[in-house]
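Note sheet for the following structure.
The values are calculated or read from the model by the stated rules, or taken from the named source; none is laboratory data. What you see is a predicted model; the values in this text were computed from it and never measured. Cβ placement follows ideal geometry from the backbone for every residue including glycine, while neighbour counts extend to all protein chains displayed. Surface areas here come from the heavy atoms of the whole protein model, side chains and all, with no ligands, DNA or RNA. Shrake-Rupley method; radii C 1.70, N 1.55, O 1.52, S 1.80 Å.
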Amino acid sequence: MTWIAPSIERRELPTVAGEREMLQGWLDFHRDTLLTKCTGLTADQLIQPSSAPSTLTLLGLVRHMADVERTWFRKRFLGERLGDHYFTGDNPDADFDDLDPSAAEADFAAFRAEIEACDKAVADSGLDETFGTARGRTLSLRWIYVHMIEEYARHNGHADLLREQIDGATGS
């Protein structure tokens with residue numbers, strides 16, 4: 001049996017809310033949007049690259065964002081000592097390069113689990129809480145939320161183009 005990316009009901013954006021709820025709402029909307037772009041596609045379709053020599057794929061984007069979520073919320077902000085899902089020292093682009101269609105379902109599950117872990121990890125943290133980076137900058141949890149929304153928005157644009165190339169589907 002061929003695995004097919006499940007449908008997702010994208011959460012509604014808050015229109016009037018406090019800052020934390022608004023940031024979380026936009027982040028959740030963009031997380032859902034990435035999964036929506038994958039809905040109904042087979043694992044083989046999810047690993048179709050955009051165009052040579054690029055290795056950009058929808059499954060690669062899902063894998064990439066699982067590692068990006070973990071890196072910003074849990075490793076950098078909270079300082080948790082965790083490995084990466086896909087990135088390796090030998091291949092920092094393994095999230096895009098080392099795709100296995102038979103692992104697509106597990107990759108989607110890892111993405112969803114990472115989102116849940118990240119949300120839980122920072123649920124009691126204030127937006128003004130800060131951390132230091134390896135480059136000597138001080139950043140806040142608020143900065144991470146804004147950065148993650150930007151990261152998803154950029155990659156969701158890529159996902160739009162990838163999906164249209166695969167089966168002609170377009171839309172929000």
*In Å, what is the Rg of the alpha-carbon atoms in segment 68-126, and how long is Dmax?*
12.7, 40
_Between Ala109 and Arg154, how high is the FRET efficiency from 1/(1 + (r/R0)^6) when r is the Cβ-Cβ distance and R₀ = 30 Å? Nearest 0.05._
0.80
*Report, in whole Å, the centroid distance computed from the Cα atoms of segment 97-164 and segment 1-58.*
12 Å
*Given H placed 1.01 Å from N in the peptide plane, which residues other than close sequence neighbours of Ser50 have an amide H under 5 Å from its amide H?*
Leu56
*Note the listed values (1) 2.09; (2) 1.22; (3) 1.05, then indicate which one is Cα Rg over 2.2 N^0.38 Å calculated from this particular structure.*
(3)
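Quick check on the chain: helices-only [θ] at 222 nm, where DSSP H runs of length 4 and up contribute -39,500 (n - 2.57) each and the sum goes over total residues. Nearest 500, please.
Working: 6 runs with 86 residues, N = 172.
Helix contribution divided over all residues of the chain: -16000 deg cm²/dmol.
Heavy-atom accessible area per residue, the chain, 1.4 Å probe: how many Å²? Write down the numbers at each step before the final one.
Values: 9020 Å² over 172 residues.
Per residue, the chain has 52 Å² of solvent-accessible surface.
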*asked:* Once neighbouring chains are kept in place and the probe is 1.4 Å, which whole percent of the accessible area of the chain is contributed by carbon and sulfur?
replied: 51 percent
